[in-house]
Each structure stands twice: as C-alpha cells, then as structure tokens.
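Attaching a single structure in structure tokens format; questions to follow.
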Amino acid sequence: MTDSLTVRDNRTGQEYDVPIVDGAIKAADLGKIRTADDEPGLAVYDPGFVNTASCRSAVTFIDGDKGILEYRGYPIEQLAEKSTFLEVAYLLVHGELPTKAEYEAWVHEITFHTFVHENVKSFMEGFRYDAHPMGMLMASVGALSTFYPDAVHISDAENRHMQIVRMIAKMPTLGAWSFRHAQGKPFVYPDNELGYTANFLSMLFKMSEQNYVADPRIVKALDTLFILHADHEQNCSANAVRSVGSSQVDPYSSVAAGIGALYGPLHGGANEAVLRMLRRIGTKDKIPAFIEGVKAGEERLMGFGHRVYKNYDPRAKIIKKACDDVFEVTGVNPLLEIAQELERIALEDEYFVKRKLYPNVDFYSGLIYEALQFPPEMFTVLFAIGRTPGWLAQWNELVQDKEQKIARPKQIYTGERGLTFTPASERWA
Ligand code: ACO
C-alpha cells in the first residue's frame, strides 16, 4: 500500500500522484493539476471548511463518533472532575501540566493582572445603557491592544506570555463589568484574595457587603463550566482568532475577532434557544406532541445534534451532573424536569437514534446559567471567558508554526468580466 492518491484528470487524460500525509493531501498539490500552463490549477471548493484541515495542532483532540474530547491528551472528564480552570488554562497554553512551583507562579501572575487601566473603566461607562454585554466585551478586548502596544512583538516568547496572562486575567473583569453596566450597577474591582472564579462572581454580584463570599458549590460548578468550554479545536471562533492572527496582528485584536465569531447564534447562542424551547413546551404532557412536530420537520430539538459529535457530547454529561450541584444551592430550575423527560423520550425514539442526535453542550448549560441569575445575553460572555485560554493556545501555536501563512482563501469567481465603464454623467443623462 502506498500513501498516495492517484488522480486522473479526464480533461487531459493525465495522471498525478498526490502524497497522503497524516490522512490528508495538500491542496497545493492539487493546484499542480491544470489543463494548460497558463490555466489556473485545480482548486478545492469547501465553504465552511467542512473537510479542509487549516493547520496542524497539538492542543485539542476530538473523536466525534466515540464522543471523546481531550485537551493536550487528557480526557475532559478527568480534567472537569479533578482539575481547576487555571490549571487547565496552563495545560492548554503550555502543553504540559504545571509543577507545583509553576502552578503557583501562574496563579499569582494571573491574579495580579486582573485589574484594568482606569481608562478602560471610563471607556466601558461610555456604552449605551442597554448595550449587549458581548458587544462590550468584544470592543473592550480590542481596546486593550491600545493599552499594550508592546503586544505587537509577537515573535518574542516572553512578550507573548505577558499578553496571554493579561488576557486570561482581565477577561472576567471585563465580562463582569459588561454585566454590571447593563444592570446600571457600579463596577466592582477585582479582589485578589479570591480565586479566579470566586473573584469573577464577586465582581458580578457584590453590592454593599464588605466581602462577597460565593457558595463553594457554585464556584466549583462555574469553574467546571469554564473547563468544559476552554477549547474545542478548530471551531468558528478559534478559526477566526487564527485567521486574524495570521496577519501577525497583536493577540488582543485576534481574540476580539474570536469574540465576534462566538457572538453569533450558530456558535455561542444555542443554549438560549434551548431555554426558549423548554419554556414554550411548558409541561411534560406537551412533550410527545412537540417531538412529533420535530420529526415532521416543523422545527429542531434545540440542544440536540452536533456537526462533530455523533454520540453523546462528553461535555453534556458533565454539565448534567453540575446541574445537580447548582440546583442544590439555588433550588431546582422547573425547566429541568422537562429537559430530562425530553432527553429520555428523544434517546429512545428511532428518528433521533438513526440520525445519531444526542444532547450537546448547550442542552443543560442554559439551565445552570439561568439558575445562577444570569440573563441570556450573558451566556456567551461566560462561554468567552472559558474559551479564552483555548483561543490563546491556538494563537500561540499559530505564531510559532513555520508552515502557517496569512489566511487567504481562494474563490470561484462568478461575476462579470471586462465590462466597459461609462461615467455616471453619461449613464444618467
Ligand atoms: N432536531 C431535529 N432534527 C435534527 C436536529 C435537531 N436538533 N439536528 C439535526 N437533525 C436532523 C436533520 O434534520 C437531518 O435530518 P435528515 O437527514 O432527515 O435531513 C439530520 O439530522 C442531519 O442534520 P444536519 O443539519 O445535516 O447536521 P449538521 O451537522 O449540519 O448540524 C447542528 C449540526 C447545526 C448542531 C444541528 O444538529 C442543529 O441544528 N442542532 C440544534 C441547534 C443546536 O443545538 N446547536 C448547538 C450545537 S453545539 C455548539 O455549537 C456549542
């Protein structure tokens, strides 16, 4: 068996051997296939990169058929149960688990970079009273590039490390302040006595009390949710970070692009749609009729199905368990019963079984966020805070990858050619 592909171009009768490396062929090799020297080479048409690998990456592994997700080789289940978000962030960015000394230094660095310049505060105060928190987050992260102009030195490893620490550290501050602004409440400064997630909760919910102490079960559950969202290989927002980063711009601008991608309803917004759906179903007795409507193609069962996972999304299993922990503190979200019954019925129904439709990460996460008093606009902000180490790990890998070039896809031109321009004064005469 040879690791190559033999392609016969029926236009010319010529055959080509294209090497296969790591289960892929190079699109550039197909470019050598042409009908004449002055004709363009064969291109690959793949809107949405459905079957195109854009990079080599050692950050995250997914096997969608088996329902496996691993960060740097470690199964998500083990990380969610036994690690912390900051340790996972270290793992994603550095590629290895930290020693005790490395972990302590990492936590210290991140903790002491949680404050933002006072001008960032006045900048954020300038948003309209009803500004969407995700738009505020995206703009504020982009604005950080103006506060740290040295971030343009992306080939300096020490400099990259500094910006990575700053961004992971400041994201909860910016996220919490976006929330407070929308609520008309004063911004709460970071409390460096608190851990990463406890500090975030303090900046979100502290009012007149001296110290805000969140319930440890809530802190743990939110920390776990951050771990589950920390990376997901070449998803839409990671691809946006890489695409913009490939121009060698600073990492704040690249991550702001990632936040923009995540903002969209096809990426970060499905959990809100799940809540709307559960609320509309309302009671368990309405579930069978709803399922029939889904099967008849009238609508989709939101929170079910995934482009990559054709098995139970491993993150959904862990979130289900986190629901129990959160509801022990907040009281059960009445929509949970409907969600569980919906899942039970769908998993036994041939329509869903045959199409390999299982709950995805969004099926239960909205229920937790709602129980924690977050309005739906904040759901994607929480996602963005969790995803930041993943974006930065992807970016850090990109800028050191010698094979990477500026992202610049080809197109198949379908427009007119060679028209003759008539000035407006003559056309409109
Ligand atoms: N409910 C009912 N039927 C579904 C669902 C669903 N949620 N998802 C897919 N199907 C059906 C399709 O109708 C199609 O059936 P057919 O073969 O009879 O036409 C088949 O399953 C395959 O569906 P596709 O749309 O081709 O699958 P694709 O991989 O393109 O879509 C997606 C994946 C967008 C996630 C889809 O499953 C969906 O819309 N789910 C609901 C929205 C959702 O939960 N999104 C969150 C994803 S997780 C995340 O982004 C963080």
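Would you confirm, using the coordinates I've provided, whether Asp313 is modelled with pLDDT of 90 or more, near the ligand (Cβ under 9 Å from one of its atoms) and either among the hydroxyl-bearing types (Ser, Thr, Tyr) or closer than 20 Å to His232 by Cα (or both)? First the steps, then the outcome.
Working: modelled with pLDDT of 90 or more: yes; near the ligand (Cβ under 9 Å from one of its atoms): yes; either among the hydroxyl-bearing types (Ser, Thr, Tyr) or closer than 20 Å to His232 by Cα (or both): yes.
Yes: the conditions hold for Asp313.
Give the residue, chosen from Ser202, Ser237, that is among the hydroxyl-bearing types (Ser, Thr, Tyr), surrounded by 13 or more Cβ atoms within 10 Å (Cβ to Cβ), within 15 Å of the ligand (Cβ to nearest atom) and modelled with pLDDT of 95 or more. Write out each step before concluding.
Details: Ser202 fails: within 15 Å of the ligand (Cβ to nearest atom).
Result: Ser237 is the single residue among Ser202, Ser237 that is among the hydroxyl-bearing types (Ser, Thr, Tyr), surrounded by 13 or more Cβ atoms within 10 Å (Cβ to Cβ), within 15 Å of the ligand (Cβ to nearest atom) and modelled with pLDDT of 95 or more.
Yes or no, residue by residue, for (1) farther than 30 Å from Gly31 by Cα; (2) in contact with a Gly (Cβ under 8 Å, 6 or more places away or on another chain); (3) modelled with pLDDT of 95 or more:
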| site | (1), (2), (3) |
| --- | --- |
| Glu350 | yes, no, yes |
| Thr380 | yes, yes, no |
| Ile385 | yes, yes, yes |
| Gly390 | yes, no, yes |
| Glu397 | no, no, yes |
| Ala407 | no, no, yes |
| Ala429 | yes, no, no |
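Which one of the conditions (1) surrounded by fewer than 23 Cβ atoms within 10 Å (Cβ to Cβ); (2) within 11 Å of the ligand (Cβ to nearest atom) does Glu337 fail to meet, given that it meets all the rest?
So the condition that Glu337 fails would be (2).
I'd like the full set of residues that are within 16 Å of His113 (Cα to Cα), crowded, with 19+ Cβ neighbours inside 10 Å and among the hydroxyl-bearing types (Ser, Thr, Tyr), limited to region 153-199.
Answer for region 153-199, where residues must be within 16 Å of His113 (Cα to Cα), crowded, with 19+ Cβ neighbours inside 10 Å and among the hydroxyl-bearing types (Ser, Thr, Tyr): Thr173, Tyr196, Thr197.
Restricting to region 412-429, name every residue that is among the polar types (S, T, N, Q) and either assigned to a loop (DSSP other than H, G, I, E, B) or in contact with a helix residue (DSSP H, G or I) (Cβ under 7 Å, 6 or more places away or on another chain) (or both).
Taking region 412-429 as the starting set, the residues that turn out to be among the polar types (S, T, N, Q) are 414, 420, 422, 425.
Hits for region 412-429 are Thr414, Thr420, Thr422.
Does Tyr129 count as closer than 20 Å to Val249 by Cβ and surrounded by fewer than 18 Cβ atoms within 10 Å (Cβ to Cβ)? Full working, then the answer.
Details: closer than 20 Å to Val249 by Cβ: no; surrounded by fewer than 18 Cβ atoms within 10 Å (Cβ to Cβ): yes.
The answer is no for Tyr129.
Exactly one of these conditions fails for Ile218: (1) among the hydrophobic types (A, V, I, L, M, F, W, C); (2) within 16 Å of the ligand (Cβ to nearest atom); (3) surrounded by 13 or more Cβ atoms within 10 Å (Cβ to Cβ); (4) farther than 24 Å from Ala139 by Cα. Give me its number.
(2)
Out of the residues in region 240-269 that are hydroxyl-bearing (Ser, Thr, Tyr) and not in a helix (DSSP H, G or I), state the one that is farthest from the ligand (Cβ to nearest atom).
Taking region 240-269 first, the residues hydroxyl-bearing (Ser, Thr, Tyr) are 243, 246-247, 252-254, 263.
Applying the additional criterion that residues be not in a helix (DSSP H, G or I) yields 246-247.
Values: Ser246: 23, Ser247: 26 Å.
Among them, the one singled out is Ser247.
Note down all Cβ pairs under 9 Å where the first residue falls in region 30-49 and is over 15 Å from Thr12 (Cβ atoms), the second is outside any loop (DSSP other than H, G, I, E, B) and not hydrophobic (A, V, I, L, M, F, W, C), and they're at least six residues apart or on different chains.
Correct list of pairs: Phe49/Asn239.
For Ile345, work out the one condition from (1) aliphatic (A, V, I, L, M); (2) more than 16 Å from the ligand (Cβ to nearest atom); (3) surrounded by fewer than 21 Cβ atoms within 10 Å (Cβ to Cβ) it doesn't fulfil.
(2)
In the set Ile287, Ile319, which member is surrounded by 16 or more Cβ atoms within 10 Å (Cβ to Cβ), within 16 Å of the ligand (Cβ to nearest atom) and over 16 Å from Phe379 (Cβ atoms)?
On the way: Ile319 fails: over 16 Å from Phe379 (Cβ atoms).
The match here is Ile287.
Look at Gly48 and say whether it is surrounded by 14 or more Cβ atoms within 10 Å (Cβ to Cβ) and modelled with pLDDT under 95. Even if it seems obvious, please write down each step before you answer.
Details: surrounded by 14 or more Cβ atoms within 10 Å (Cβ to Cβ): no; modelled with pLDDT under 95: yes.
Here the answer is no, as Gly48 does not meet what is asked.
So is Gln340 without any contact (Cβ under 8 Å) to a residue 40 or more places away in the chain and closer than 30 Å to Asn159 by Cα or not?
For Gln340, the condition - without any contact (Cβ under 8 Å) to a residue 40 or more places away in the chain and closer than 30 Å to Asn159 by Cα - is not met.
When Asp156 is evaluated against the numbered criteria (1) at pLDDT 95 or above; (2) over 22 Å from the mean Cα position of the chain (by Cα); (3) under 22 Å from Pro133 (Cα atoms), which criterion, by number, is the only one it fails?
It is condition (3) that Asp156 fails.
Related question: Any idea which of (1) in contact (Cβ under 8 Å) with a residue 40 or more places away in the chain; (2) within 22 Å of the chain's Cα centre (by Cα) is the one Lys405 doesn't satisfy?
Failing condition for Lys405: (2).
Just checking, does region 347-358 include any residue being in contact (Cβ under 8 Å) with a residue 60 or more places away in the chain, among the charged types (D, E, K, R) and assigned to a helix (DSSP H, G or I)?
no
For region 281-290, state whether one or more residues are under 20 Å from the mean Cα position of the chain (by Cα) and in contact (Cβ under 8 Å) with a residue 24 or more places away in the chain. Before the answer, list the steps.
So the first thing to find is which residues in region 281-290 are under 20 Å from the mean Cα position of the chain (by Cα), and the list is none.
No, because not a single residue in region 281-290 is under 20 Å from the mean Cα position of the chain (by Cα) and in contact (Cβ under 8 Å) with a residue 24 or more places away in the chain.
Quick check: is even one residue across region 377-388 more than 16 Å from the ligand (Cβ to nearest atom) and part of a loop (DSSP other than H, G, I, E, B)?
No: region 377-388 contains no residue that is more than 16 Å from the ligand (Cβ to nearest atom) and part of a loop (DSSP other than H, G, I, E, B).
Do you know which residues across region 58-93 are part of a loop (DSSP other than H, G, I, E, B) and polar (S, T, N, Q)?
Step one: of region 58-93, the residues part of a loop (DSSP other than H, G, I, E, B) are 58-59, 64-67, 72-73, 83-84.
Ser83, Thr84, listed by residue number.
Need the failing condition index for Met207 against (1) in contact with a helix residue (DSSP H, G or I) (Cβ under 9 Å, 6 or more places away or on another chain); (2) in a loop (DSSP other than H, G, I, E, B); (3) at pLDDT 95 or above; (4) surrounded by fewer than 23 Cβ atoms within 10 Å (Cβ to Cβ), just the number.
(1)
Return the residues of region 371-382 that are touching a residue at least 60 places away in the same chain (Cβ under 8 Å) and touching a helix residue (DSSP H, G or I) at 6+ places or on another chain (Cβ under 6 Å); say none if nothing qualifies.
Result: Pro376, Glu377, Met378, Phe379, Thr380, Val381.
The values are calculated or read from the model by the stated rules, or taken from the named source; none is laboratory data. Small disclaimer: the values here were computed from a predicted structure and weren't measured. Reconstructed Cβ throughout: ideal geometry from the backbone, glycine too, with neighbour counts over all protein chains shown.
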